[in-house]
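Enquirer: I have a structure I would like to understand better, so I am pasting it below and will then ask my questions one at a time.
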Amino acid sequence: TLLCNPEGGVVDDVIVYRLKEDHFLLVVNASNTDKVYEWIKENTRKDVSVENTSESTAQISLQGPMAEKALSCVSEFNLSRLRPFFLLPGKVCGINMAISRTGYTGEEGFEFYLNPQYAKEVFEGILDGAKNLGIKPVGLGARDTLRLEMGYPLYGAELTSETTPVEAGLKRFINFGREDFIGKDVILKQIESGVEKKLVGFEMTEKGIARGGYKIFNAEGEIGSVTSGTHSPTLEKAIGMGYVKTEQSEIGSEISIEIRGKQKSAVVTKRPFYKREELGTR
């Protein structure tokens with residue numbers, strides 16, 4: 001779900017788990033922990049208590065087409081009980097934790113929430129227990145490439161306190177049936193009247209990799225800026241996302257990216273940049 005400010009900008013995109021009728025767990029972007037904690041305290045009723053458990057919670061993510069098999073190597077957890085975006089208690093490598101069927105890679109995956117003192121033991125236990133499957137440790141760089149291939153927005157890049165869900169193409173995550181929510185008036189007005197800029201995906205048609213902050217042009221001049229860009233190992237081409245003027249956001253629009261002082265051709269394309277069933281398992 002999206003947390004918005006009064007101007008409709010995105011404070012953060014979070015996952016909310018309902019643990020009990022009146023007990024919720026929010027998973028936020030790590031860099032936004034303090035900001036979101038303060039936002040929640042400022043915008044909750046007096047009869048609601050809020051606790052920041054970030055320092056007492058570790059998260060390990062297991063992602064990829066072999067994730068289920070890998071988890072089965074180190075856990076007797078009944079995976080059939082766990083639906084996407086649900087959270088259940090279980091054991092991995094003999095350690096108690098909460099297990100969710102979530103991730104930000106576009107692949108099958110799980111995320112584990114546990115006491116930090118056991119994080120190293122579980123991490124190494126998974127690598128050892130599933131080594132016959134070819135499991136490998138990866139960092140945020142790999143995760144960022146995967147999420148970009150899927151066209152997923154990232155907070156601090158595509159999502160900021162100055163960009164709204166409408167501009168980012170995230171209307172589907174807004175429940176307009178709610179009587180009220182922070183930023184509702186601004187967001188409704190944007191839906192009715194339109195927005196000046198929209199988030200688009202693009203593929204480079206000339207050699208070059210676009211990076212965040214690079215300017216986007218068309219034949220008439222500057223029309224926006226890049227938010228994320230990389231070389232896609234799956235597609236074997238350079239891809240990216242950025243905000244452009246709404247009238248230039250149509251799929252197939254020819255654009256150029258200023259890379260190191262030179263204009264490099266690109267074209268606006270659909271997101272996600274590919275579907276798994278089109279290319280098979282990565």
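Enquirer: In the list ILE209, ILE187, which residue meets the criterion of being assigned by TED's automatic domain parsing to the domain that holds VAL267 and either of a type in the set (A, V, I, L, M) or farther than 25 Å from ARG260 by Cα (or both)?
Expert: The match here is ILE209.
Enquirer: Here is a further query. Within the stretch 170-186, can you find the residues that are surrounded by 18 or more Cβ atoms within 10 Å (Cβ to Cβ) and either in contact with a strand residue (DSSP E or B) (Cβ under 6 Å, 6 or more places away or on another chain) or farther than 19 Å from TRP39 by Cα (or both)? First the steps, then the outcome.
Expert: First pass over the stretch 170-186, keeping only residues surrounded by 18 or more Cβ atoms within 10 Å (Cβ to Cβ): 170, 174, 183.
If the condition is that a residue be surrounded by 18 or more Cβ atoms within 10 Å (Cβ to Cβ) and either in contact with a strand residue (DSSP E or B) (Cβ under 6 Å, 6 or more places away or on another chain) or farther than 19 Å from TRP39 by Cα (or both), then LEU170, GLY183 are the ones that fit.
Enquirer: Here is a further query. Within the stretch 38-49, is there a residue that is touching a residue at least 12 places away in the same chain (Cβ under 8 Å) and in a helix (DSSP H, G or I)? Give the steps one after another, and end with the answer.
Expert: Restricting attention to the stretch 38-49, the residues satisfying the condition of being touching a residue at least 12 places away in the same chain (Cβ under 8 Å) are 39-40, 43.
Subset that is in a helix (DSSP H, G or I): 39-40.
Yes, there is a match, as at least one residue in the stretch 38-49 is touching a residue at least 12 places away in the same chain (Cβ under 8 Å) and in a helix (DSSP H, G or I).
To keep it simple, each residue is scored yes or no on (1) in contact with a helix residue (DSSP H, G or I) (Cβ under 9 Å, 6 or more places away or on another chain); (2) surrounded by 19 or more Cβ atoms within 10 Å (Cβ to Cβ); (3) under 30 Å from ILE239 (Cα atoms).
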site: PHE85; (1), (2), (3): no, no, yes
site: ALA98; (1), (2), (3): no, no, no
site: GLU107; (1), (2), (3): yes, no, yes
site: LEU114; (1), (2), (3): yes, yes, no
site: GLY125; (1), (2), (3): yes, no, no
site: LEU148; (1), (2), (3): no, yes, yes
site: LEU154; (1), (2), (3): yes, no, yes
site: GLU158; (1), (2), (3): no, yes, yes
site: VAL166; (1), (2), (3): yes, yes, yes
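Enquirer: Any residue at all in the stretch 56-63 that is touching a helix residue (DSSP H, G or I) at 6+ places or on another chain (Cβ under 9 Å), over 24 Å from GLU158 (Cα atoms) and not in a strand (DSSP E or B)?
Expert: Yes, some residue in the stretch 56-63 is touching a helix residue (DSSP H, G or I) at 6+ places or on another chain (Cβ under 9 Å), over 24 Å from GLU158 (Cα atoms) and not in a strand (DSSP E or B).
Enquirer: Something else now. For the list (1) in contact (Cβ under 8 Å) with a residue 24 or more places away in the chain; (2) farther than 25 Å from ALA142 by Cα, I need the number of the one condition that VAL92 fails.
Expert: (2)
Enquirer: Continuing with this model, one more query. Out of GLY151, GLY106, GLY125, I need the residue that is touching a Gly at 6+ places or on another chain (Cβ under 7 Å) and either aromatic (Phe, Trp, Tyr) or in contact (Cβ under 8 Å) with a residue 40 or more places away in the chain (or both). Which one?
Expert: None of the others qualify; the one that does is GLY151.
Enquirer: Follow-up. Looking at the stretch 16-35 only, could you name the residues that are more than 17 Å from the chain's Cα centre (by Cα) and either surrounded by 11 or more Cβ atoms within 10 Å (Cβ to Cβ) or not in a strand (DSSP E or B) (or both)?
Expert: Result: ARG18, LEU19, GLU21, ASP22, PHE24, LEU25, ASP34, LYS35.
Enquirer: Let me ask you something else. Look at the stretch 261-275 and say how many of its residues are β-branched (Val, Ile, Thr) and modelled with pLDDT under 95.
Expert: Of all residues in the stretch 261-275, those β-branched (Val, Ile, Thr) come to 267-269.
Within this subset, residues satisfying the condition of being modelled with pLDDT under 95 are none.
The number of residues fulfilling the criteria is 0.
Enquirer: Follow-up. Please verify whether ARG143 is of a type in the set (Lys, Arg) and either part of a helix (DSSP H, G or I) or on the phi > 0 side of the Ramachandran plot (or both), treating the condition exactly as stated.
Expert: Here the answer is yes, as ARG143 does meet what is asked.
Enquirer: Next question, about the same structure. Looking at the stretch 93-119, which of its residues are outside any loop (DSSP other than H, G, I, E, B), farther than 18 Å from ILE15 by Cβ and under 25 Å from the mean Cα position of the chain (by Cα)?
Expert: Of everything in the stretch 93-119, those that are outside any loop (DSSP other than H, G, I, E, B), farther than 18 Å from ILE15 by Cβ and under 25 Å from the mean Cα position of the chain (by Cα) turn out to be PRO116, ALA119.
Enquirer: Given the residues GLU247, GLU196, GLU258, which is the only one that is modelled with pLDDT of 95 or more, in contact with a strand residue (DSSP E or B) (Cβ under 7 Å, 6 or more places away or on another chain) and more than 30 Å from VAL36 (Cα to Cα)?
Expert: GLU258
Enquirer: Another question about this same structure. Hey, ILE135 hits all of (1) closer than 23 Å to LEU25 by Cα; (2) surrounded by 17 or more Cβ atoms within 10 Å (Cβ to Cβ); (3) not basic (Lys, Arg) but one; which does it fall short on?
Expert: (1)
Enquirer: Right, here's the next one. If we keep just the residues of the stretch 73-83 that are among the hydrophobic types (A, V, I, L, M, F, W, C) and within 30 Å of THR234 (Cα to Cα), which is surrounded by the fewest Cβ atoms within 10 Å (Cβ to Cβ)?
Expert: LEU79
Enquirer: Restricting attention to strands (runs of 3 or more DSSP E) lying wholly within the stretch 174-266, give those where 1 or more residues are charged (D, E, K, R) and within 24 Å of the chain's Cα centre (by Cα).
Expert: On the way: elements: 197-204, 215-218, 221-232, 237-245, 254-259.
By residue number, 197-204, 215-218, 237-245.
The values are calculated or read from the model by the stated rules, or taken from the named source; none is laboratory data. For clarity, every value in this text was computed on a predicted model and none was experimentally measured. Counting neighbours? That spans all protein chains shown, and the Cβs are built from the backbone with ideal geometry, glycine included.
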